[in-house]
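Trainee: I have a structure here, written as structure tokens, and I will follow up with some questions on it.
The values are calculated or read from the model by the stated rules, or taken from the named source; none is laboratory data. For clarity, every value in this text was computed on a predicted model and none was experimentally measured. Backbone-built Cβ (ideal geometry, glycine too); neighbour counts: all protein chains shown. These area figures cover heavy atoms from the full protein model, side chains too; ligands, DNA and RNA do not enter into them. Shrake-Rupley method; radii C 1.70, N 1.55, O 1.52, S 1.80 Å.
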Amino acid sequence: MISKELTFDELGIAPEDIYEQMGYGKAVPDDMTVGETMSMLDQIRPMLRPRFCVFITDGSLDIDSKILSAMGRDFSIGRIISRQLRGSQRYAFFVATAGMEFERLQHDLMADGDMVKVFIADAIGSVIAEKTADRMEEALQELLDKAGWHHTNRFSPGYCGWHVSEQQQLFRLFPEEEPCGVRLSPSSLMTPIKSVSGVIGLGENVRKLEYSCGLCDYRQCYKRKIKPTK
């Protein structure tokens, strides 16, 4: 298993990433919001401890039943993910998190009652978690390069037809109860909240694609950049 703690600078976060997460698209927000965002980034930089862990295992995918089996556990991943994982020869399961240090900052901001800062921190936290998962993919690809393999997109419980409750089984695949320090509640909520988990397909003939929102009807997906038309 690969486990790594990162620094803020290793994440490669640009202000534009945060503004897009806030809902501004490609536009720049007003001066006050920009100032608050930059100030919060300065506050976060020295205390942030994002981390990821990922391991590779054998598995089998039944396209008809849409079941991915790995390490004695069956995952009902649904039609969309099954199609995207077709051709995978092995599978990587991962957890990536912004870390408890960031979680505590969010709680402090909530206690202070400054909802503007809470909103900005929420957007920053989402970007941190996604960027941490991006760095995980890069570390994974370095291993795959040695074998001439590629990887698919990453897919998480709660998206694309994969029920969030299967997060419970996913976490049980890891050798420790709280991989990367992430705790799972009985309702499958991760703590720290700004965490992601999931599976990636690996093999000679798989590839990573642009997320195809046209294939999925889940309108709240964080990968969906275009607002649904009424």
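Trainee: Over segment 43-106, what portion of Cα pair distances is larger than 20 Å, expressed as a whole percent?
Mentor: Summing the P(r) of segment 43-106 above 20 Å gives 46 percent of all pairs.
Trainee: Which order do the peptides 121-129, 100-108 take when ranked by the mean count of other beta-carbon atoms within 10 Å per residue, highest first?
Mentor: 121-129, 100-108
Trainee: Return the whole-Å distance between the Cα centroid of segment 55-74 and the Cα centroid of segment 118-151.
Mentor: Centre-to-centre distance over Cα atoms comes out at 23 Å.
Trainee: Students often check this: by mean Cβ neighbours within 10 Å, which of 194-204, 134-144 ranks highest, and how do the rest follow?
Mentor: 194-204, 134-144
Trainee: For the chain, what does the helix formula give at 222 nm: sum of -39500 (n - 2.57) over DSSP H segments with n ≥ 4, over the residue count, nearest 500 deg cm²/dmol?
Mentor: The helix-only estimate for the chain comes to -11500 deg cm²/dmol at 222 nm.
Trainee: What is the Rg over Rh value, at two decimals, for the chain, using alpha-carbon atoms and the Kirkwood definition of Rh?
Mentor: Answer for the chain: 0.97.
Trainee: I'd like to check one number: the per residue accessible area of the chain, probe 1.4 Å, reported in Å² as a whole number.
Mentor: Here the per-residue accessible area is 52 Å².
Trainee: Can you tell me the 0 to 90 degree angle between the C-alpha axis of helix 115-145 and the longest principal axis of the chain, rounded to 10?
Mentor: Here the helix axis deviates by roughly 40 degrees.
Trainee: Let me ask something else. Along Cα→Cβ, 7 Å out, is where each label goes; now give me the distance between the ones at residue 45 and residue 115 in nm to one decimal.
Mentor: 3.1
Trainee: Apply the Karplus curve 6.51 cos²θ - 1.76 cosθ + 1.60, θ = phi - 60°, to the phi angles in segment 199-210 and return the couplings in whole Hz, x for Gly and Pro.
Mentor: Computed from phi, the couplings for segment 199-210 are 9, 9, x, 10, x, 6, 10, 9, 7, 8, 10, 5 Hz.
Trainee: Please report the relative contact order for the chain, taking Cα pairs under 8 Å with a sequence separation of at least 6, and give it as a percent rounded to a whole number.
Mentor: Averaging sequence separation for qualifying contacts and normalising by length gives 24 percent for the chain.
Trainee: Can I ask one more? Run the reach check for residue 66 against aspartates and glutamates, Cα to Cα strictly under 16 Å, same-chain hits fewer than 8 apart removed. What comes back?
Mentor: Straight-line reach from residue 66, under 16 Å: 74, 166.
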